[in-house]
Amino acid sequence: MLDNCVILAGGKSSRMGKDKTLMPFHNEPSLTHYIHKKLSKIFQNVYISSKFNKFNPPLNVINDEISDIFSPMIALASILPKFNAPVFIATADMPFIKISSILELAKYKDEYDVVIASDDEFRHTLCGFYSPTLANKAKFLAQNNQHKIGTLIQNANIKIVNFDDKKQFFNINTPHEYESALDENF
């Protein structure tokens with residue numbers, strides 16, 4: 001088993017119109033519970049990054065230290081200091097990530113500061129392993145209102161692993177995408 005995973009679930013969900021991380025998904029009480037259950041099969045510890053513990057049933061939450069700004073940089077600045085080994089970062093709105101892909105990324109986690117997934121179209125910076133050695137830089141960037149993950153990983157020792165199946169990186173952001181993701185033939 002791998003050690004630690006943190007699922008990011010503290011965003012605004014502005015395109016959805018309501019908190020997508022709390023929406024029911026495939027027989028689970030929420031999208032977050034669904035991805036938590038899936039990742040618990042390969043990680044000893046699965047945490048949720050959020051502004052507060054809004055989940056029922058409750059999940060193990062790492063609270064964002066800055067609560068008035070919605071940003072994955074704020075989440076990483078809150079998460080990374082809590083670990084002493086690379087941590088897998090995932091988003092609650094990417095439920096189709098393959099376990100085999102995570103295991104492929106894990107092969108490089110001890111050699112690089114950042115190991116992220118990509119496909120022929122995008123680099124998925126919030127699907128990968130991050131070293132806690134980036135904690136101070138993440139905190140500095142967050143405190144200086146710099147929220148682009150690209151800035152954090154710029155000049156880092158990074159490994160990008162390409163995957164052919166880009167469907168696994170599908171993000172649920174809108175009501176239409178949510179309905180599509182619920183379709184059994186997705």
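The values are calculated or read from the model by the stated rules, or taken from the named source; none is laboratory data. Treat the numbers as computed from the prediction; the structure is a model and nothing was measured. Note: ideal-geometry Cβ built from the backbone for every residue, glycine included; neighbour counts use all protein chains shown. Side chains are part of the model used for accessible areas, which takes the heavy atoms of the whole protein and leaves out ligands, DNA and RNA. Shrake-Rupley method; radii C 1.70, N 1.55, O 1.52, S 1.80 Å.
Please specify each residue of segment 120-135 satisfying the condition of being open to solvent by 60 Å² or more (accessible area, probe 1.4 Å) and in a loop (DSSP other than H, G, I, E, B).
ASP120, GLU121, PHE122, listed by residue number.
Quick one: in segment 49-101, of everything that is surrounded by fewer than 17 Cβ atoms within 10 Å (Cβ to Cβ) and basic (Lys, Arg), which residue is farthest from the chain's Cα centre (by Cα)?
LYS82
Going by the structure shown, is ASP19 open to solvent by less than 20 Å² (accessible area, probe 1.4 Å), among the charged types (D, E, K, R) and more than 20 Å from LYS159 (Cα to Cα)?
Considered against the rule, which asks whether it is open to solvent by less than 20 Å² (accessible area, probe 1.4 Å), among the charged types (D, E, K, R) and more than 20 Å from LYS159 (Cα to Cα), ASP19 comes out as no.
Going through ALA138, ALA181 one at a time, which residue ends up being crowded, with 17+ Cβ neighbours inside 10 Å and over 14 Å from ALA77 (Cα atoms)?
Working: ALA138 fails: over 14 Å from ALA77 (Cα atoms).
When all the criteria are applied, what remains is ALA181.
Find all pairs meeting these conditions: Cβ atoms under 8 angstrom apart; at least six residues apart or on different chains; first residue within segment 169-180 and free of Cβ contacts under 8 Å to residues at least 40 places away in the same chain; second residue surrounded by 14 or more Cβ atoms within 10 Å (Cβ to Cβ) and not in a helix (DSSP H, G or I).
GLU177/PHE170; GLU177/ASN171
With ALA117, ALA75, ALA85 as the choices, which residue is of a type outside the set (S, T, N, Q) and assigned to a strand (DSSP E or B)?
Working: ALA75 fails: assigned to a strand (DSSP E or B); ALA85 fails: assigned to a strand (DSSP E or B).
Matching residue, one of ALA117, ALA75, ALA85: ALA117.
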